[in-house]
Amino acid sequence: MIKKFIQKILGKPQTATLTTYFGKRVEIPPAVHGIDPSLVDDRALNVVRTLQDAGYEAYVVGGAVRDLLLGLRPKDFDVATDATPEEVKSLFRRAFIIGRRFRIVHVVYGRGREHEVIEVSTFRAHLDNRAAEQVSGNEKTSKSDLAGMTHAVDSSGRVLRDNVWGPQDEDATRRDFTVNAMYYDPESQYLVDYHGGMQDAKKKILRMIGDPVDRYREDPVRIIRAVRFAAKLSPLGFNLEAKTGKPLATMLRLLADVPQSRLFDEMLKLLQTGHALASVAQLQQLGLHKGIYPLLDVVVERVDTPFVKAALIDTDRRVGEEKPVAPSFLLACVLWADVRLGWEQRLSNRVPPFPALQEAIDEVFDARIGDVSGRGKLAADMREIWMMQPRFEKRVGSTPFSLVEQARFRAGFDFLRLRAEVGEVELTLADWWQEFSTADDVVREDLIQQAKSEKPNAPHAGSVKARRAPRKRKPTTQAGETKTDSQAGNSDGHN
Ligand code: ATP
Ligand code: MG
């Protein structure tokens, strides 16, 4: 209302345009783009302000601007500047230069779990020799040249190193989608757009800047990013532009040259940023159901099995509620069917339950070497979640008391709860543990007595009630949910 009124008095706000070789620079005033400045995080604002006060250009950039434009509160903020990483670092108390292929600065606020990182990147120069030469007189570029930093490209056109600084219009051309390539100055509240990002956001189009085939070749990870943004933005009505979507499947083989660790990280972003089910649906629709990363292939293959589906739904729900999610938990869910099969086979060969489970887990890790093994903590956490499962069925003596104290209890319990949800174990067992974990010692003793009078359940894979129809879970109390907040507390990095 107020905005319309001001517009009426002042006339339509003017956008300034300047055509450059790298696009048309459009400066869009707040009354036109309508971004709510209160959605900008204070820490991001502080980074921009500090850089600007020191005489540099600085903007909020990337996905945060896209989300702001769509009226969403961004989860993380990236800042782009013409200051070099060293210059950025010198302005903040806790700032770290990270990355080799793509050097950026992490400015860190707060500590522990509540800490927040603002990623600050220096404007990159356009990627071709002509442009590299053209900007070679530029001070920033000469600085990076002195440090021996140049664009390095492999035979397929993949960019190996990308630390040549340049002006903002070139930086915009280097970004992936038009809606991800806008700059927002929270001080002046102007939006700078070189590639029609605002129009595309309005039309709900995901469009790759430049020729999509070249851009996927330069960095094949953009293929996975296309899937992620299509999944994230599809509920808002976004679609991939035909030219952007069409080459995806045929270019998939280029991912073979991308380091496994980067693919693993991208897989986790697909699965753990709140759009896991939508991402799998996009992978299927776009013909990318196989070939990105072996574990992701397994997820897509198993998406319709009750357990994996429940795990993905649970993960999406948790992210939506801003609760932490752990890669070890999700991957333990994805590979559980293999562990169970190996466990059952050994039990039927009369191997005792615990060694049988140990061996089954070893076998799964062997089969998946390179996928999860070698990632020390991640694999250790997965093993712990699995190894806890038979112990949940031993509700006698001191076992429950020590189990509940185990660091990974919550993850193990949540796993059990998911198994109960899909009818693999009795719901009463999960309910019992929920109660036990939140009770005091007196009540705990009572619960153990009560469990004694129930039919004993020796730990064995056969106690899995696979044949039973899934039942609806009793709603958990708020307190119960917090106490048994299973994926929480899993600070497991996947390194
Ligand atoms: P999200 O909302 O998931 O954080 P995002 O768009 O912010 O999405 P980031 O990975 O945080 O994605 O990257 C920030 C910005 O950096 C992107 O919006 C894009 O402009 C640019 N960017 C990141 N990765 C690439 C890439 N592989 N190729 C080109 N530009 C990229
Ligand atoms: Mg981001």
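No value in this document is a laboratory result; all are computed from the given coordinates. Quantities reported herein were computed from a predicted structural model and do not represent experimental measurements. Positions of Cβ are generated from backbone atoms using ideal geometry, with glycine treated the same way; all protein chains shown enter the neighbour counts.
Worth a mention:
- Label zone at PHE354 (point 7 Å along Cα-to-Cβ), backbone N below 20 Å, the range 412-448: 412-413, 416
- Listed residue pairs exceeding 31 Å between alpha carbons, taken from LYS75/LYS243; LYS323/LYS377; LYS246/LYS323; LYS204/LYS309; LYS202/LYS309: LYS246/LYS323; LYS202/LYS309
- Cut-off 18 Å, label 7 Å out along Cα→Cβ of LYS246, residues of the range 283-327 by amide N: 286-288
- Length released on extending from ALA439 to GLN199, taking residue separation times 0.36 nm less the Cα-Cα span: 80.8 nm
- Note on ASP185 and THR15: the model spin-label points, each 7 Å out from Cα along the C-beta direction, lie 1.7 nm apart.
- In terms of packing, defined here as the mean over residues of other Cβ atoms within 10 angstrom, the peptides 420-431, 441-452 line up highest first as 420-431, 441-452.
- Euclidean distance between Cα centres, the range 223-286 to the range 32-95, Å: 26 Å
- Calculated on the alpha-carbon coordinates, the convex hull of the range 211-317 measures out at 88 cubic angstrom per residue.
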